[in-house]
Amino acid sequence: MHLTLQTLEHVPAFVIGRRTDVLAANFLARQVLTDFEALPAPQRNLARYYLLDPAARERVGDWERIASETVAMLRLEAGRYPHDRRLADLVGELTLRSPEFTTWWNDHRVLRRTHGSKVYHHPEVGELHFSYESFMPPGDTDQMLCVYNVEPGSPTADALRLLSSWAAPGHTARS
């Protein structure tokens, strides 16, 4: 999967595990969402990011929809793996620390995200519009590759080119 992420250098792409743990992310994913690699390993989690990081509320367009869908993804995994202690610990942490989590969890909604649209508000390049697709790699139903596609020639494509240039040797990247 790491090689696949490297070949997807022109769009944000990342791999998540079944608890929404971010297992790997390319440069653009770290620029658009947050730099998961800079976080301690236990904090590299989409649900924690969306529900507990105040910056996510500013950065993620339609935050409420995205956060509630992420809770529904966790609910699906809880049904698939009812004895997963780490998932239970995550649910407990989110219950205690996120005011919205309990309401969404108690809705009993389940979701496997496979495609859709997302908007992010980047502090330096502005609003970014994506059509995303998520794929399970063959033979591993506990991982998902998430790719944020962009319309060629769009303002988002231009903004991603600018963000990509920050990764160039000798350039100091910002985020």
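A few points about this structure:
- Count of the range 17-39 residues, restricted to those that are on the phi > 0 side of the Ramachandran plot and open to solvent by 30 Å² or more (accessible area, probe 1.4 Å), is 0.
- Per-region count, the range 118-139, residues farther than 16 Å from Leu5 by Cα and open to solvent by less than 50 Å² (accessible area, probe 1.4 Å): 8
- Residue that is farthest from Leu145 (Cα to Cα) [pool: residues in the range 1-25 that are at pLDDT below 85 and among the hydroxyl-bearing types (Ser, Thr, Tyr)]: Thr7
- Selection within the range 111-142 - closer than 21 Å to Asp84 by Cα and either among the small types (Gly, Ala, Ser) or at pLDDT 95 or above (or both): Gly139
- Answer residue from the range 88-104, given it is open to solvent by less than 40 Å² (accessible area, probe 1.4 Å) and in contact with a helix residue (DSSP H, G or I) (Cβ under 6 Å, 6 or more places away or on another chain) and is farthest from Leu51 (Cα to Cα) among those: Trp104
- Within the range 105-117, tally of residues that are exposed (fewer than 14 other Cβ atoms within 10 Å of the Cβ), within 18 Å of Gly61 (Cα to Cα) and not small (Gly, Ala, Ser): 1
- Some residue of the range 52-61 being at pLDDT 95 or above and more than 28 Å from Ser165 (Cα to Cα): yes
- The requirement of being in contact with a strand residue (DSSP E or B) (Cβ under 6 Å, 6 or more places away or on another chain) and of a type in the set (Phe, Trp, Tyr) is fulfilled somewhere in the range 104-122, by at least one residue.
- On inspection, Arg59 does not qualify as in contact with a Lys or Arg (Cβ under 9 Å, 6 or more places away or on another chain), surrounded by fewer than 21 Cβ atoms within 10 Å (Cβ to Cβ) and basic (Lys, Arg).
The values are calculated or read from the model by the stated rules, or taken from the named source; none is laboratory data. Just so it is clear, the model here is predicted, and its values are computed rather than measured. Neighbour counts are summed over all protein chains in view; Cβ atoms, including those assigned to glycine, are modelled from backbone coordinates with ideal geometry. Just so you know, the surface numbers come from the protein's heavy atoms only, side chains and all, with ligands and any DNA or RNA stripped out. Shrake-Rupley method; radii C 1.70, N 1.55, O 1.52, S 1.80 Å.
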